[in-house]
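> Sharing a structure below in structure tokens format, with a few things to ask.
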Amino acid sequence: MKAKDFILFSAVNLVIVCLIAGFIYFDTHYAVINKKVYRNDIKTIRGTNLTKKDRTDYFIDFRSTDVREVNKCTELEEMQLEYAEENTISQLNDFPDMKYLEIFLSYIGSADIEKINSFNIEELYIHDYTDVDFTGFNSDTISAIELYFSDIKNFEKLAECKSLKDLSIVHSTISDYIIEEGFRNYVLKDSSIFADFDYIEDLWLSVDSIEDISGILEMDSLKTLTVNKESVSEADVKLLEDKGVTVTYYN
């Protein structure tokens, strides 16, 4: 091989080696989420009071993000995600430092719930037309759960969570217990679903009508019930107050 050819060959190989090294460094130090680049030691992908334009900077959108990229961020403590199909969350790492999880516009199956159990999170928020099946739920770290405009199955599994003290249900359906009659008119038909929730201290119940409070009266630790004033009768309020429950109103 001529010297000139050898030099050219060596230069090409050097470029290839540098490119490979650069790719490996990028792949092990950075993640591409929502078509944006993040260091993989990021601790939060979460935003508050966001405009639609800001949303892609702070939400993990699984329509445009590969689970493998999220899994590179091993130090995540707070995460907001959306458009997760059933079993998408189950593919995530365990994220032992995760404390806060908020989910929008997604489908959460039992395998996903098993993964959420492994996060050791303290706050779980499920929002905006998310379907969730709580089969397999057995967290012993979650202290607050909010269910907002969602459809909930196997809700009773939450009653087994001794650490859960604060529960909010906002315009959501729960099997035959809380139903939607007409457009966005939510009715608590049967409160027996709450009877075994003996660890809840604060319950926020956003419905348009409460037809039954018998199960709520059986909640052993309940201190405060927050409701729409128009949804509950004065007689039911008195029954709750006689039991020692403070009834407050959000409007």
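The values are calculated or read from the model by the stated rules, or taken from the named source; none is laboratory data. If you're wondering where the values come from, they're calculated on a predicted model, not measured in any experiment. Glycine gets a Cβ as well: all are built from the backbone with ideal geometry, and neighbour counts include every protein chain shown. Heavy atoms of the whole protein, side chains included, go into the accessibility calculation; ligands, DNA and RNA do not. Shrake-Rupley method; radii C 1.70, N 1.55, O 1.52, S 1.80 Å.
> With respect to Glu160, is the statement that it is under 27 Å from Phe104 (Cβ atoms) and modelled with pLDDT under 95 true? Don't jump to the end; show me each part of the working.
Details: under 27 Å from Phe104 (Cβ atoms): yes; modelled with pLDDT under 95: yes.
Answer is yes for this residue.
> Being free of Cβ contacts under 8 Å to residues at least 40 places away in the same chain, touching a helix residue (DSSP H, G or I) at 6+ places or on another chain (Cβ under 9 Å) and closer than 23 Å to Lys162 by Cβ narrows it down to one of Ile213, Ile174, so name that one.
Values: Ile213 fails: closer than 23 Å to Lys162 by Cβ.
Unique residue meeting the criteria: Ile174.
> Let me ask you something else. Take Val232 and decide whether it is modelled with pLDDT of 95 or more, touching a Phe, Trp or Tyr at 6+ places or on another chain (Cβ under 7 Å) and under 18 Å from Ser192 (Cα atoms). First the steps, then the outcome.
Values: modelled with pLDDT of 95 or more: yes; touching a Phe, Trp or Tyr at 6+ places or on another chain (Cβ under 7 Å): no; under 18 Å from Ser192 (Cα atoms): yes.
Taking the combined requirement at face value, the residue does not satisfy it.
> With the requirement that a residue be open to solvent by less than 40 Å² (accessible area, probe 1.4 Å) and either over 20 Å from Glu123 (Cβ atoms) or hydroxyl-bearing (Ser, Thr, Tyr) (or both), what does region 91-110 give you? Let's see the steps before the verdict.
Residues of region 91-110 that are open to solvent by less than 40 Å² (accessible area, probe 1.4 Å), as a first pass: 92, 95, 98, 100-104, 106, 108-109.
Once the filter is applied, which keeps residues that are open to solvent by less than 40 Å² (accessible area, probe 1.4 Å) and either over 20 Å from Glu123 (Cβ atoms) or hydroxyl-bearing (Ser, Thr, Tyr) (or both), region 91-110 yields Tyr100, Ser106, Gly109.
> Limited to region 229-251, what total is found for residues that are open to solvent by 50 Å² or more (accessible area, probe 1.4 Å) and touching a helix residue (DSSP H, G or I) at 6+ places or on another chain (Cβ under 7 Å)?
Residues in region 229-251 being open to solvent by 50 Å² or more (accessible area, probe 1.4 Å) and touching a helix residue (DSSP H, G or I) at 6+ places or on another chain (Cβ under 7 Å): 4 in total.
> Out of the residues in region 203-228 meeting the condition of being open to solvent by 60 Å² or more (accessible area, probe 1.4 Å) and closer than 22 Å to Ser150 by Cα, tell me which one is nearest to the chain's Cα centre (by Cα). Give the steps one after another, and end with the answer.
The first filter runs over region 203-228 and keeps only residues open to solvent by 60 Å² or more (accessible area, probe 1.4 Å), leaving 204, 211, 218, 220, 223.
Pick out the ones that are also closer than 22 Å to Ser150 by Cα and you get 204, 211.
On the way: Trp204: 17, Glu211: 29 Å.
Across region 203-228, the extreme among qualifying residues is Trp204.
> Restricting to region 117-135, what's the tally of residues that are closer than 13 Å to Leu81 by Cα and open to solvent by less than 10 Å² (accessible area, probe 1.4 Å)?
So the first thing to find is which residues in region 117-135 are closer than 13 Å to Leu81 by Cα, and the list is 124-128, 130.
Next cut, open to solvent by less than 10 Å² (accessible area, probe 1.4 Å) only: 124, 126, 130.
The total comes to 3.
> Could you please find all residues in region 78-88 being open to solvent by less than 70 Å² (accessible area, probe 1.4 Å) and among the acidic types (Asp, Glu)?
Glu78, Glu82
> Moving on. Restricting to region 148-175, and then to whatever is of a type in the set (Lys, Arg) and not in a loop (DSSP other than H, G, I, E, B), can you tell me which residue is least open to solvent (accessible area, probe 1.4 Å)? First the steps, then the outcome.
Restricting attention to region 148-175, the residues satisfying the condition of being of a type in the set (Lys, Arg) are 153, 157, 162, 165.
When the remaining residues are screened for being not in a loop (DSSP other than H, G, I, E, B), the result is 153, 157.
Details: Lys153: 95, Lys157: 66 Å².
The selected residue is Lys157.
> Additional query: Among residues belonging to region 138-147 that are open to solvent by 30 Å² or more (accessible area, probe 1.4 Å) and modelled with pLDDT of 95 or more, point out the one that is farthest from Tyr186 (Cα to Cα). Before the answer, list the steps.
Taking region 138-147 first, the residues open to solvent by 30 Å² or more (accessible area, probe 1.4 Å) are 138, 140-141, 143, 146.
Subset that is modelled with pLDDT of 95 or more: 141, 143, 146.
Numbers: Thr141: 30, Ser143: 25, Glu146: 16 Å.
Residue satisfying both the conditions and the ranking: Thr141.
> A further question on this structure: Can you pull out every residue in region 46-62 that is within 18 Å of Leu101 (Cα to Cα) and either modelled with pLDDT under 90 or open to solvent by 60 Å² or more (accessible area, probe 1.4 Å) (or both)?
Of all residues in region 46-62, those within 18 Å of Leu101 (Cα to Cα) come to 46-50, 55-62.
The answer is Arg46, Gly47, Thr48, Asn49, Leu50, Arg55, Thr56, Asp57, Tyr58, Phe59.
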